[in-house]
Amino acid sequence: MRAFAQPSFVPTRQAQWTGSNSVAELTQEIKSEEVDFGGGASKAASEEHIPVLLREVVHSLIQADSGIYVDGTYGRGGHCRSMLARLAPDAKMIGLDRDPEAVAAAQMLAQADPRFSIFHARFSQLADVLEQAGIVGGAQGILLDIGVSSPQIDDASRGFSFKSDGPLDMRMDPTQGLSAAEWLNTSVEEDIAKVLFVHGEERNSRRIAKNIVAARPLSTTLQLADIVEACVPRNRNNMSKHPATKTFQAIRIFINAEDQELRAGLEHAFAALAIGGRLAVISFHSLEDRQVKHVFRGLSRPPSMPRRLPVRHSDQGISARLIGKSIKAQSDELATNPRARSATLRVIERIC
Ligand SMILES: C[S@@+](CC[C@H](N)C(=O)[O-])C[C@H]1O[C@@H](n2cnc3c(N)ncnc32)[C@H](O)[C@@H]1O
């Protein structure tokens, strides 16, 4: 197992900032999402660790039982094990996770199954990982199940949840970069407001940022949750949604540079595919899904050409085809895992 270095933490713009306020054991995992970010789900449900859209991922990603496969977000290995169960003895599965705890959890599988290797790395470093693993030729299938895992949210000491008190950390890889508290305690109000607005679409971003700065130094998750609760009115249409949901999401995305990771990860993952290989991405909120959709469209749609011009596909710059439309969880899955309701799966295939 080899570790790779961490990226720089620079906020990027997603929504338009206007400057005003207008705007089975180890196999199982569960995802957080906007609505229940550590706040809405029961403890029992969150401990089940159910991988989302499992059947759909395995079905769409595994076309050949041999070859190279990559799980770029190992988590607790739910998807990874199900894929391995479908693969032949000569197949290879490369697992990555930026969280040292997920990597530690994967060691048991790496020891038990010679087809599987685990790397402590970000999926934006996939090219380096594949080189390090001695992989020659492209991958048949790559999965990115982005966001945070249930074990990360449920462990209060990781600082992701506004439900239980813990150090205000929120790093998926706590060995790298600034914690949420370090960033909030040292940033200017304008930057904090911008992050809340851009990554959380939080309409009250300015007021929250002002109150954060006034209450510094912050050190715990409940301290932050209380500050937000004091400035954000409860949503009368959705009382189960905690007022701090968007703020926690925004800070987590920023602290882990998740949007930059996704952009780079999509590019590197697509580049690592063999012709005919597929990339499957599961996202959990609209900002991420928009990014995935945009990149997939760009790869699969030809640029506009003068009509009647005889051009071959290969001359049109199309390098992929979309596999179906976006996929949402079916009612049977939602019945056992309500957290799957905001998961969206998109799949693309490389054609040249
Ligand atoms: C939703 S979980 C994946 C769950 C997994 N599919 C399973 O079945 O257990 C997301 C995982 O991706 C990891 N992760 C998030 N962003 C990452 C990145 N840029 N590179 C590598 N791992 C990442 C997180 O640490 C977390 O463990």
Could you check how many residues of segment 271-306 are over 14 Å from residue 145 (Cα atoms), part of a strand (DSSP E or B) and within 15 Å of the chain's Cα centre (by Cα)? 0
If you scan segment 100-151, which residues turn out to be under 19 Å from the mean Cα position of the chain (by Cα), among the hydrophobic types (A, V, I, L, M, F, W, C) and part of a loop (DSSP other than H, G, I, E, B)? 121, 146, 148
Only residues that are part of a loop (DSSP other than H, G, I, E, B) and within 12 Å of the ligand (Cβ to nearest atom): list them for segment 49-83, please. 49, 50, 51, 52, 53, 72, 73, 74, 75, 76, 77
Hits in segment 335-352 - residues which are loosely packed, with under 15 Cβ neighbours inside 10 Å and part of a helix (DSSP H, G or I): 335, 336
Quick one: count up the residues across segment 224-270 that are polar (S, T, N, Q), over 13 Å from residue 180 (Cα atoms) and either touching a helix residue (DSSP H, G or I) at 6+ places or on another chain (Cβ under 6 Å) or part of a loop (DSSP other than H, G, I, E, B) (or both). 4
Read through the list (1) among the basic types (Lys, Arg); (2) at pLDDT 95 or above; (3) more than 24 Å from residue 286 (Cα to Cα), then give the number of the only condition that residue 43 fails. (2)
Could we say that residue 124 is within 16 Å of the ligand (Cβ to nearest atom), of a type in the set (Ser, Thr, Tyr) and out of contact with any strand residue (DSSP E or B) (no Cβ under 6 Å at 6 or more places or on another chain) here? yes
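The values are calculated or read from the model by the stated rules, or taken from the named source; none is laboratory data. Since the structure is predicted, the reported quantities are computational estimates derived from the model, not experimental observations. For neighbour counting, all protein chains shown are included, and Cβ atoms are generated from backbone atoms with ideal geometry for every residue, glycine included.
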